[in-house]
Amino acid sequence: MVGTEDAYTAEPFVPRRGGLPALRRAAADCRGCPLHREATQTVFGAGEATARLMLVGEQPGDQEDRQGEPFVGPAGRLLDRALAEAGLDPADTYVTNAVKHFKFTRAEPGKRRIHKSPTLRETTACGPWLAAELARVEPELIVVLGATAGKALLGSSFRVTQVRGTVLEEEIHGRPERLVPTVHPSSVLRAEDRDGAFRGLVSDLRVAAQALG
Ligand code: URA
Ligand code: SF4
């Protein structure tokens, strides 16, 4: 079915058995949607299967695409600072994205790669990887970073401004989950009032820290 119109899905590439290492190996060869064609490599989630907290972002950025690890660029550094301020232990988190390949455009050939948001079709195609990560990690809490992750997990009516900093209880891929939505760290980097936006992110993450107990 892959390559057939309206049939973008990672499903046939996702192994039924095995732990996170088996998932990561299989995801390296995913051809479930066209995003693998231009990207350097699959950027799978990172962290231990025993992590109590799962953080879900949008998609890898330029640095992540080159290094093969999620949240290692500017947004990741900001996120690390916010987690530390909120008292969340990075060693106890599993970090991943709604979409596992970098999507970008260039203003001109050979020029800098500019992030482009994934479509609903692409996040839906990549969903089976996120479902498989959730089934392996079984986190106690999910932090939803921004609108793309929110729509991927909670549906297209998700509005981050309406639910940020609250604890939601929803069924996700057939499992009851607790989630705390917040803004995407990249939006803090773009904000006019960066300090205020950063404090908002930290305050939402404190809600997550409290919910974890
Ligand atoms: N932004 C994301 O959503 N994820 C990353 O891994 C990096 C930047
Ligand atoms: Fe597969 Fe997701 Fe990459 Fe598309 S973005 S090719 S579904 S891993």
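The values are calculated or read from the model by the stated rules, or taken from the named source; none is laboratory data. Remember, predicted model here, so these are calculated numbers, not experimental data. Note that we place each Cβ from the backbone using ideal geometry, even for glycine, and neighbour counts take in every protein chain shown. What goes into the accessible areas is simple: the full protein's heavy atoms, side chains included, and nothing from ligands, DNA or RNA. Shrake-Rupley method; radii C 1.70, N 1.55, O 1.52, S 1.80 Å.
For the reader, a short list of remarks on this structure follows.
- Counted as membrane-span-like here are DSSP H helices of the chain whose alpha-carbon atoms extend 24 Å or more along the helix's own axis and whose Kyte-Doolittle mean is -0.5 or above; these are 120-137, 194-212.
- Cα-based reach from LYS100 at 17 Å (exclusive), listing aspartates and glutamates while leaving out same-chain residues under 8 positions away: GLU11, ASP29, GLU38, GLU58, ASP62, GLU64, ASP65, GLU69, GLU122, GLU133
- Cα-based shape type of the stretch 1-123, given that a ≥ b ≥ c are square roots of the gyration tensor eigenvalues and the cut on a/c is 1.5: oblate
- Shape of the stretch 89-213, Cα gyration tensor, a/c cut at 1.5: oblate
- Neighbours of PHE44 by Cβ distance under 11 Å: Lys/Arg scored +1, Asp/Glu scored -1, total 0.
- Scalar couplings 3J(HN,Hα) for the stretch 47-61, obtained by applying the Karplus form with A = 6.51, B = -1.76, C = 1.60 to θ = phi - 60°, are x, 8, 5, 8, 4, 7, 10, 10, 9, 10, x, 8, 7, x, x Hz; x denotes Gly and Pro.
- Calculated diffusion of the stretch 94-137, Stokes-Einstein form, Kirkwood radius summed over Cα pairs, 4 °C and 1.567 mPa s, µm²/s: 108 µm²/s
- If you run the Gaussian network model on the chain, springs between alpha carbon atoms under 10 Å, then out of ALA147, ALA27, ALA107 the most flexible one is ALA107.
- Measuring only protein heavy atoms, the 1.4 Å probe finds ARG66 accessible over about 140 Å².
- Shape class for the stretch 9-76: oblate, because the ratio a/c of the largest to smallest gyration tensor axis (alpha-carbon atoms, square roots of eigenvalues) is 1.5 or more and b/c is at least a/b.
- Reported to the nearest whole Å, the Cα centre-to-centre distance from the stretch 9-26 to the stretch 88-119 is 21.
- Largest to smallest accessible area among TYR8, TYR94 [probe 1.4 Å]: TYR8, TYR94
- In the stretch 28-111, the GluC sites (Glu not before Pro) that fall in loop regions by DSSP, at most 14 other Cβ within 10 Å: GLU38, GLU48
- Counting charges near PHE102 (Lys, Arg +1; Asp, Glu -1) among other residues having Cβ under 15 Å from its Cβ returns a value of +1.
- Each Lys or Arg adds one and each Asp or Glu takes one away; over the other residues whose Cβ falls under 14 Å from the Cβ of VAL180, this sums to -1.
- Descending semi-axes in whole angstrom, ellipsoid equivalent of the chain, from the Cα gyration tensor: 25, 21, 16
- Surface share of carbon and sulfur [accessible, 1.4 angstrom probe, percent] for the stretch 11-212: 47 percent
- Dipole magnitude of the chain about its Cα centre (Cβ charges: Lys, Arg +1; Asp, Glu -1), debye to nearest 20: 480 debye
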